[in-house]
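Take a look at the structure below.
Each reported figure results from applying straightforward, stated rules to the coordinates on display, with no laboratory input. Note that the coordinates shown come from a computational prediction; the quantities given were computed from them, not determined experimentally. Here Cβ is always computed from backbone atoms with ideal geometry, including for glycine, and neighbour counts include all displayed protein chains.
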Amino acid sequence: MDFKLEIAKKIGSLTDMEIDKVLDLIEIPPYANMGDYAFPCFQLAKVMRKAPNMIAKDLAEKVEKDNIVEKAEAAGGYLNFFVNRGEFIKQTINQVLQQGDKYGSSQEGEGKTVLVEFSSPNIAKPFHIGHLVNTITGNAIEKIFRHLGYKTVKLNHIGDYGTQFGKLISAYKRWGNDEVIEKDPINELMKIYVKFHEEAEKDPSLEEEGRRYFKLLEDGEPEAVALWEKFRELSLKEFKKLYNDFNIEFDSYAGESFYSDKMPEVVQILKEKNLLKESNGAQIVDLEQFNIPPCIILKSDGATIYATRDLAAAIYRKRTYDFYKCMYVVGNTQALHFKQVFSTLKLAGFDWADNCIHIGTSLVKFADRKLSTRKGDVIFAKELVDEAVEKTLEIINTKNPNLENKEDVAKKVGMGAIIYTFLKNNMDKDIIFSWEDMLSFDGESGPYVQYSYVRGKSILKKAGDIEVNPDLSYLQTEDEYSLVKLLGNFKDVVKQAADRYEPFVINRYVTELAKSFNKFYNTHPILTAEKEVKEARLALTKAVTNVLATGLGLLGIQTPESM
Ligand code: ARG
């Protein structure tokens, strides 16, 4: 039974409002003494031309009391509902235990496909921290939408196209050493690429040579193509190591190059719609009506650019997947680019451009910067991940040296700590990265939430088999009720995270749930309580660990069984 829905039905039958509308309006009051749910009467007041507090009063009298609603009270323009606690506790816990990891899911996405494009690094270039933030955020977004019943497709729009690959081929032919490259492909390819630029300063003919190779590549000359493919494969192999660590599998690696033969059509469409304009030799789409700079389609030398490929990609994706939404998880710094691309699509008559969404991730700022970075300011994702796991292992070695599967736990906890940190705040804020906060076991951190889960698990383990049908009316304290209330909110939380494209909503939720659980179990005995109370509390504990694991799972954080 969904208490919120039942309350919405009651309001619906007393007013002319549609249930969905009522559901949207119902709030969770900020204080417990205001009840469990509140219905604001301000919208009704406008329609009914009556004061909101009068409507609330009137409704309070009329609402039927039963085993769902115990009391309804008017408070100003709000109608506050107090649910039947015993019933609520029973139904919520049973629902969690029955549904397991499906708890909080829904069918809202049934029959709809959403695309989540994320990670999208560039080949032969380092996978930097920004890419890691996008990878982690996109992975969470995908899981959240999947939990809501959408069919999801994970796309990796690899940066594998551009004149730089002509230069790289030239550099490879001059200085490339396969043996060295195989060992550390990305660094080595970068090295020879940098060397190319250094040498080109002295000898400008190199630039010409690079351009020639790019032309050969574009024309499909076998040797150039084979080399490019090799760089691509080697880079992907490196990237996939990281994806593997995070258990991420993409459905498609169609990158920029995939769209290279699909661009003439884009130009054609824009031409037909009379949208192409010449400007200093380049072909552009004017976007003045949107108050943004024009979208360049063809450079003065006729070459396409990043934006042209994104236009082709969007059109291709719509045709291939007929998406309900296409989400692009890419740094905020590219916000203008996506506005230009989406506005151009819109001008070209593709109304589905409204369903293309840029989820703009934030920058990472280091609070206590002590990374062993080899190269200036570029921070490599892999280094960060490795360091987090190493540091976690050190902590385990001092705190719990005899722990089984130490390495595995360190991996789950170290990586969980990074994920938690990246998804801690909404995307309007910079991400503050501090080793100390991140790995602390008792602040607001990944390890803290994981540890709460582990505590719950160890209680359950000590208890052995737990009663399948305990009498939950033994859960009578305020702490227990607030804990169950949180469990009951999970569904709304998942939905809110999806509606806002903000995984941090779930992050904040699991943190609150962990805190509430710790408070409960620090003040109320579980294993030593009398039989009935113990059984009921164990069921509650089991439900909490269940939801903690599901919530963390939606963020991409794994739960160790002990730590
Ligand atoms: N490869 C780009 C970069 O590293 C990100 C690609 C973003 N996706 C897109 N469809 N433009 O900055």
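Here are some notes:
- Cα convex hull volume per residue for segment 381-555 (Å³): 127
- Only Lys, Arg (+1) and Asp, Glu (-1) charged, at Cβ; the chain dipole about Cα centre in debye: 620
- Toward the positive end of the charge dipole of the chain, with +1 on the Cβ of Lys and Arg and -1 on the Cβ of Asp and Glu, the farthest Cα among Ile93, Tyr321, Gly255 is that of Ile93.
- Here's the list of lysines a cross-link from Lys406 could span, going by alpha-carbon distance under 22 Å and ignoring same-chain residues fewer than 8 apart: Lys241, Lys382, Lys391, Lys457, Lys461, Lys462.
- A simple packing score, the average count of other Cβ atoms within 10 Å per residue, orders the peptides 24-30, 436-442, 185-191 as 185-191, 436-442, 24-30, with the highest score first.
- Charge dipole of the chain about the Cα centre (unit charges at C-beta), most positive-ward option of Met17, Ser105, Leu345: Met17
- With the simple spin-label model, which puts each label point 7 Å out from Cα in the Cβ direction, the Lys240 to Glu27 separation comes to 5.1 nm.
- Lys62-Ser473 FRET efficiency (beta carbon distance; Förster radius 25 Å; 0.05 resolution): 0.30
- Whether the chain is rounded, prolate or oblate, judged on the alpha carbon gyration tensor where a/c under 1.5 counts as rounded: oblate
- Of Lys21/Lys46; Lys411/Lys542; Lys167/Lys202; Lys4/Lys71; Lys71/Lys491; Lys154/Lys318, those spanning more than 20 Å from alpha-carbon to alpha-carbon: Lys411/Lys542; Lys71/Lys491
- FRET efficiency for the pair Leu14 and Asp286, taken as 1/(1 + (r/R0)^6) with r the Cβ-Cβ distance and R0 = 60 Å, rounds to 0.65.
- For the chain, the antiparallel share of DSSP beta bridges with both residues in that region comes to about 50%.
- Seen through its C-alpha gyration tensor, with square-root eigenvalues sorted a ≥ b ≥ c, segment 3-83 comes out rounded because a/c lies under 1.5.
- Sequence ranges 249-256, 526-533, ranked by mean other-Cβ count within 10 angstrom, highest first: 249-256, 526-533
- Trypsin sites (Lys or Arg not before Pro) restricted to segment 410-474 and DSSP loop, no more than 14 other C-beta within 10 Å: Lys429
- Here segment 466-527 and segment 156-225 have alpha carbon centers that stand 55 Å from each other.
- Theoretical gain in end-to-end length, Lys462 to Met1 [0.36 nm per residue, Cα-Cα removed]: 162.8 nm
- With respect to the chain, whose longest principal axis is taken over its alpha-carbon atoms, helix 222-245 is tilted by about 20°.
- Segments 2-10, 77-85 sorted - mean Cβ within 10 Å per residue, highest first: 77-85, 2-10
- Cα→Cβ-extended label distance, 7 Å offset, between Ser440 and Glu407, nm: 3.2
- 0 to 90° range, to nearest 10: angle between helix 185-202 axis and the chain longest Cα axis: 40
- Axis of helix 263-272 versus longest Cα principal axis of the chain: the two differ by about 80°, to the nearest ten degrees.
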